[in-house]
Amino acid sequence: MAYHTLQFEIRDGIAFITLNRPEKLNALNDRVVEELSDAAGRIAAEEEIRGAILTGAGQKAFAAGADISELAGQGPFDGKARALKGQAMLRRLETCGKPVLAAINGFALGGGCELALACHLRIASETAKFGQPEVKLGITPGYGGTQRLPRLVGRGAALHMILTGEAIDAQQALRIGLVSQVVPASDLPAAAEKMMRGILKNAPLAISLALEAVERGLDMTLEEGLFLEANHFGLLASTRDMKEGLTAFLEKRAPGFEGR
Ligand code: COA
């Protein structure tokens, strides 16, 4: 698929994906959702890609939400269809099997915040702002905000954001656990790449199964999740990388992982 609203570039194992509608603060219109869905499929399918970093073009926004001009014309059934499509795209990204990091360079509002929530890791610039302002528009979050935000930051902080519709700044996002790191705006691309490169130094199959255990396990009972974890722990004993990782430690040298 040719992308008109995204830049997609693979550099040394990382897919760098940039939402590219800066004149509309990277608002997520139907085309962006379609292209992001395709991009999520590429991350999952292409062996060359081992992780992805998502950011927004321009200085001002990661994504300022779903495209309000499209929402304005919707009826109940196409509204529901739009929400389901956006949710499916984010689920595809979340379950792509490889780490996806959101480098949040400005406004992450509404669908933009929900996009960041579906990523596995979030780093923000000091200038970032987060919010679920939907109730101010007479709608509710429709791309997973009511579900992922309380799972990430807890019910109280999530309801505060969702019911007030007020934005919070990067430091507040850090305090409530919405992001794991805040850096000066000019350092954001390098900090995001450094975090991803650090992750990619680890054993690829272990990364993939750890991701799966967290993402799938959160939807299970504790018993089921623990069982999944034990299965993964056992399964990794069949890999060359486990032997390499443990042996390298004992031999006091750096491991060389192969993803096998
Ligand atoms: N959907 C469609 N267009 C959007 C948009 C959105 N979610 N957010 C911003 N834009 C557009 C603006 O309409 C404007 O377009 P124009 O130049 O053709 O008029 C352009 O992006 C720049 O935005 P502007 O509002 O002029 O920037 P600002 O710095 O004054 O304000 C925001 C920034 C983020 C506070 C403001 O754009 C805003 O409140 N956006 C909507 C946020 C929102 O409610 N998101 C949830 C949607 S469900």
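Quick note: the coordinates plus some simple rules give every number you see, no bench work behind them. In this text the structure is predicted, and so the values were computed from the model without any measurement. Glycine also receives a Cβ, built like all others from the backbone with ideal geometry; neighbour counts cover every protein chain displayed.
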Compute log10 of I(q)/I(0) for the range 152-227 with the Debye formula, placing one identical point scatterer on every Cα and leaving out solvent, at q = 0.12, 0.16, 0.17, 0.25 Å⁻¹, to two decimals.
-0.55, -0.89, -0.96, -1.07
Kirkwood Rh, Cα Rg: Rg to Rh for the range 110-260?
1.06
Listed residues ILE176, ILE123, ILE17, most fluctuating in the chain (Gaussian network, C-alpha, under 10 Å):
ILE176
Could you give the nm distance between label points at LEU84 and GLU166, where each point is 7 Å from its Cα heading toward the beta carbon?
3.7 nm
What nm value, rounded to one decimal, do you get for the distance between LEU250 and SER180 when each label is placed 7 Å out toward the C-beta?
3.0 nm
Quick check for me: using +1 on Lys/Arg Cβ and -1 on Asp/Glu Cβ, what's the dipole size of the range 137-260 about its Cα centre, in debye to the nearest 20?
280 debye
Unit charges on C-beta of K, R, D, E only; dipole of the chain, Debye
320 debye
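Classify the range 81-197: rounded, prolate or oblate, from the alpha-carbon gyration tensor (a ≥ b ≥ c, eigenvalue square roots; a/c under 1.5 rounded; otherwise prolate if a/b is larger than b/c)?
Working: a/c = 1.89, a/b = 1.24, b/c = 1.53.
Here the range 81-197 falls in the oblate category.
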Please give the residues of the range 52-69, grouped as numeric ranges, whose backbone N is less than 15 Å from a label point set 7 Å along the Cα-to-Cβ vector of ASP187.
none
Quick check on the chain: helices-only [θ] at 222 nm, where DSSP H runs of length 4 and up contribute -39,500 (n - 2.57) each and the sum goes over total residues. Nearest 500, please.
-14500 deg cm²/dmol
Per the Debye formula with a single identical scatterer at each Cα and no solvent contribution, what log10 I(q)/I(0) holds for the chain at q = 0.13, 0.16 Å⁻¹?
-0.84, -1.22
Cα-based reach from LYS129 at 19 Å (exclusive), listing lysines while leaving out same-chain residues under 8 positions away
LYS24, LYS60
With 10 angstrom as the radius, rank ARG31, ARG253 by how many other C-beta atoms surround their C-beta, starting from the fewest.
ARG253, ARG31
Please build a GNM for the chain, connecting alpha carbons under 10 Å apart, and tell me which residue among ASP219, ASP241, ASP38 fluctuates the most.
ASP219
Residue-span extension gain [LYS136 to LEU222] - 0.36 nm each, minus C-alpha spacing:
27.3 nm
Taking the alpha-carbon set of the range 38-101, what are its Rg and Dmax in Å?
14.5, 42
With a ≥ b ≥ c the root eigenvalues of the C-alpha gyration tensor of the range 18-169, is it rounded (a/c under 1.5), prolate (a/b larger than b/c) or oblate?
rounded
